[in-house]
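One structure is given below, encoded as structure tokens.
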Amino acid sequence: MTSLFQSVPVHPSEITPKHVYLSRRDFIKVAGVLAGSMALAACAPQSLSSDSAPAPADPSLSSKTDELGDPVNSFEDITNYNNYYEFTTDKRGVAQLARDFPTSPWEVEIGGLVRKPGKFGVEDLVKKYPPEERIYRLRCVEAWSMVIPWLGFPLWKLLKDVEPTSDAKYVSFTSIYKPEAMPGQREPWYPWPYREGLRLDEAMHDLTILATGLYGGELPPQNGGGIRLVVPWKYGFKSIKAIVKIELTAEQPPTLWNLIQPNEYGFYANVNPNVDHPRWSQATERRIGEIARRPTLMFNGYAGEVAALYEGMDLRVYY
Ligand SMILES: Nc1nc2c(c(=O)[nH]1)N[C@H]1C(S)=C(S)[C@@H](COP(=O)(O)O)O[C@H]1N2
Ligand SMILES: [Mo]
């Protein structure tokens, strides 16, 4: 068990004028949890400044591993190396551009082929479906990867409650469209808003979650707050961020990457070391924080859980 003291995000000796830890929002949250902690009371105020670097809500998670024994990536890496084209194609530039993007309150509309459509606030979803910690590998189609400790709930719980009709075969997800706040959306190259989709059985799989947090805290804007999908056995682009709409459909829905480049980005996008991207090999990957490349695992290491979903399908055709 982690003691209360160990979960204080900053040790007094780590504070330097340049390297400051707590954002105001984090400080208020942590101060509420740890009211009375002398160590925090003594050190936190001087650590506040406008250019403070955010800290993980629960730094003790950095010592955890995935089920294969590989350590989770640092909060720093997870929140500063991002793909989020609505902001920029520069992975190290997303965090700064997304810093003031409002993620709360956040509403998701659920409709299409369901008996009980509705609009749901993320705060209510979190109350109804208590977030679970899920430590997942994220494997980008660009052949880099991370291990991320998410907080989220299985999508099947929500889908079950909205009662898909018997015609529903797919789930379509749409990200927020807000060009005034997202500079990348003012570029004409992409068919905004970002969209993704899953087959209904993939969406109902227990590994598929809607994430509302990471590293024990809230979901930073650069990682897809207010709420995002995480499908750990598929390439990262399926794990759509900042979702505002979920629709159950009868037909396979259009997806942004598939619309742009169908021969490079299939609808399924299951991680598969045996099916190369037309422009590069998918046999190996670079885990962020490591130097040597490592082999890419079939279904990103989740074959035992998900291979049955694709029985009888030619994965070179349904890539
Ligand atoms: N709306 C939206 N969702 C998105 C993306 C994006 O550009 N826009 N990029 C995808 C890609 S390519 C990856 S690898 C993951 C990265 O998630 P992370 O930045 O939280 O690690 O988000 C995915 N979800
Ligand atoms: Mo990606």
Residue-wise, which Karplus ³J(HN,Hα) couplings in Hz belong to the range 169-183, taking 6.51 cos²θ - 1.76 cosθ + 1.60, θ = phi - 60°, and x for glycine or proline?
10, 9, 10, 10, 10, 10, 7, 5, 10, 8, x, 5, 10, 10, x
Under 5 Å, built H, 5+ apart or other chain: amide partners of Ile135:
Trp150
For a protection proxy built on the mean count of beta-carbon atoms within 10 angstrom, sort 75-85, 188-198, 157-167 highest first, please.
75-85, 188-198, 157-167
Which order do peptides 140-146, 222-228 fall in by mean Cβ count within 10 Å, highest first?
222-228, 140-146
Please list, ordered by chain and number, the residues whose modelled amide H lies under 5 Å from the amide H of Val141; skip anything fewer than 5 residues away on the same chain.
Gly236, Phe237
Estimated FRET transfer efficiency when R0 is 25 angstrom, pair Ile291-Ser63 (beta carbons, to 0.05):
0.75
Residue by residue through the range 68-80, what is 3J(HN,Hα) from phi via Karplus (6.51 cos²θ - 1.76 cosθ + 1.60, θ = phi - 60°)? Round to whole Hz and write x for glycine and proline.
8, x, 8, x, 5, 6, 5, 4, 4, 5, 5, 9, 10
Sorted by average packing, counted as other Cβ atoms within 10 angstrom per residue and highest first, what order do 101-109, 275-283 take?
101-109, 275-283
Cα centroid of the range 279-319 to Cα centroid of the range 97-140, whole Å
27 Å
Neighbour net charge for Val231 - beta-carbon separation under 14 angstrom, K R +1, D E -1
+3
Met204: net charge of surrounding residues, Cβ under 12 Å, Lys/Arg +1, Asp/Glu -1, itself excluded?
+1
May I ask you to give the percent of accessible area on the range 12-310 that is carbon plus sulfur, with a probe radius of 1.4 Å?
55 percent
Counting only residues 5 or more apart in sequence or on a different chain, those whose built amide H sits under 5 Å from that of Glu285 are Arg294, Thr296
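The values are calculated or read from the model by the stated rules, or taken from the named source; none is laboratory data. Given the structure is predicted, the values throughout are model-derived calculations rather than measurements. Heads up, the Cβs are rebuilt from the backbone with ideal geometry, glycines too, and the neighbour counts pull from every protein chain shown. The area values use the complete protein model at the heavy-atom level, side chains included, leaving out ligands, DNA and RNA. Shrake-Rupley method; radii C 1.70, N 1.55, O 1.52, S 1.80 Å.
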